[in-house]
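Okay, structure first, notes after.
Bear in mind that the values in this text are calculations on the coordinates, not laboratory data. Bear in mind that the values here come from a model prediction, so they are computed numbers and not experimental data. Note: ideal-geometry Cβ built from the backbone for every residue, glycine included; neighbour counts use all protein chains shown.
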Amino acid sequence: MKITKNHLYVGLIAAAAAAWCVDTFLLHGGAPQAAQGAPAPALPVAAPTARPVPASPAAAHPRTLSLAARFDRVSAAADLTDAFAPPAGWIATAPVASIDDALPTATPAAPVRIDADAFRKAHKLTAVFLMGRAGGTAVIDGTMVEVGQRFDGLVLAGVTAGAATLQGQGNVIVLQIDTAAEAAALSRTLSTREKQVK
């Protein structure tokens with residue numbers, strides 16, 4: 001006999017049903033029953049106008065309590081105030097100094113000035129994207145840099161159509177797309193492709 005997916009599904013459902021039956025009726029003894037030999041308790045009879053008084057959750061059988069009532073019982077017994085609080089052993093008892101006290105006091109270094117012309121010659125802006133998660137993206141030397149990210153010691157502060165502004169340590173440098181160079185490169189690419197087609 002060939003076993004198919006349907007056979008597996010039916011077997012899995014049958015195993016789950018058998019496990020549920022064993023758990024419900026054999027392991028937990030089913031619904032609470034009266035003690036052997038004791039008479040069954042009489043059901044209370046209430047007058048039609050009287051409202052029934054609900055039994056207190058503490059007196060009810062644990063399997064009939066709602067999940068919230070069981071959680072309340074556990075938290076009251078364990079005196080839990082915050083389930084996500086770390087254990088007491090994890091919390092330092094000695095006072096911790098602030099990070100400013102731990103750092104050595106030194107005079108701040110003077111900002112390093114970067115030669116803007118040398119930076120522009122060393123790096124080439126090839127594209128800008130005005131949309132994005134951070135407010136824009138620039139492609140500098142083939143690397144995608146989002147606004148707020150560092151590139152060669154400077155932070156990309158913003159992008160506009162055809163330009164990217166980098167700032168840092170008192171420097172503000174604007175890289176622009178060299179449209180003439182891009183047009184020449186595109187022209188060379190197109191002429192090369194025309195020659196390949198012929």
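For the reader, a short list of remarks on this structure follows.
- From the C-alpha gyration tensor of segment 116-182, square roots of 5λ in Å: 16, 16, 9
- Near residue 122, once Lys and Arg are set to +1 and Asp and Glu to -1 for all other residues with Cβ below 12 Å from its Cβ, the sum equals -1.
- The ranking of 82, 115 by Cβ neighbour count inside 10 Å, starting from the fewest, reads 82, 115.
- Relative contact order for segment 116-182, counting Cα pairs under 8 Å that sit 6 or more residues apart, in percent: 25 percent
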